[in-house]
Each structure stands twice: as structure tokens, then as C-alpha cells.
Amino acid sequence: FSMFRLHPLQTVLLMVLAVALFAPPASVAQGFPDRDTHEIGSYVLTEAGLAKYTRATQNLGAIEKKLTGDCDDEEESPQSLDESVAQMNAIPEARAAITSAGMTTREYIVFTWSLFQNGMAAWTLSQPGGSLPPGTSMANVDFYRAHEAALQKLSQETASDACEDDGSEEVV
């Protein structure tokens, strides 16, 4: 299979895109420790948080092209929130883009995963016979649904084709 090689910043931006475009009925942070999945599941989505998240994502989108110069980075997917935060914090421009919007890097990543989780739950509920996954806040699902169009617009504004298939093949 042809594989994309993504810079860590692109990984976060692609999560934003994934939230808006699809939501398969699978575990949100599969492989993350229980404390991380609990933190993501108990996070409360708010208007103030969304405003900061939007600014941070736009800031990241604005710097993304200059940060993806080396598309051959083959970093493994983080296995915890701590690893995700460390990856993002290792890019000073990305950390500055997030903190200048009023969020910590951890809050940005947890917000992203919470959106993803609640997007999945919204999708699940839209399916025939779908029910709210255990431990999922209906208030967060409603928040996601109310802001789905804005999230889709945000993902389109920040979508990038940098580092897409560069012609190299990787066998999986």
C-alpha cells in the first residue's frame, strides 16, 4: 500500500479533518492508557474552548507548510496523551501557535480527541438502531452536532496537501 508520511503537526490537523468527515464506530484513543481515555471522555466541550481551539487550529494551519519541510519523518503514532503533547511541544512554532490562542498543548490535543469521540458518537446515533456509547456525554454530542458545520469549515480551511504521497512506496 502507498503510505503517506506525515509530520506530527499534520497528524493533529488530519485529526481535525477526520472529525468533520467520518466517524467509524471504533474506540477513540485505542491503545491509550485508561486514564487518558477517561480524561478525553470527561472533557466538557464549551463555546470558549471552541473559540480558542479554532484560533489555535488556524494558527497551526498558517505555519504548517513551513514546518513540513521534511516529509520523510516516520514517527510512530503516540501511545498516550503525554506522548502526543511531547511530540507537539517538540515543535516550538506549533506550541507557540496553540498557546497564543489561549490553550495549553494538552488541552488542544484533548479537545481534538474529544471532538473526534463525540463526532463518532453523533455518527453512531445517526445510524439505524444506534445508541449512545457508554460513558459518552450527550451534552458533548449535542455540542458537536451544533458546531459540525463550523468544524467542517475549519477542516477545509486548514487542509493541506503538503507531504501527501510523495511517490515512495511502503509495504504494510
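What follows draws every value from the coordinates through simple rules; no lab data is involved. Please read all numbers here as calculations on a predicted model, not as lab measurements. Cβ: placed from backbone, ideal geometry, glycine included. Neighbour counts: every protein chain shown.
Other residues lying with their Cβ under 12 Å from the Cβ of Ser126 contribute a combined charge of 0, Lys and Arg counting +1, Asp and Glu -1.
Give me the net charge for the shell around Leu154: Cβ to Cβ below 13 angstrom, other residues only, Lys and Arg +1, Asp and Glu -1.
Details: positive: Lys52, Arg55, Lys153; negative: Glu148, Glu157.
Summing Lys/Arg as +1 and Asp/Glu as -1 gives +1.
Karplus-derived 3J(HN,Hα) values for the range 83-98, using 6.51 cos²θ - 1.76 cosθ + 1.60 with θ = phi - 60°, are 5, 4, 5, 4, 4, 5, 5, 6, 10, x, 5, 5, 4, 5, 4, 6 Hz; glycine and proline are entered as x.
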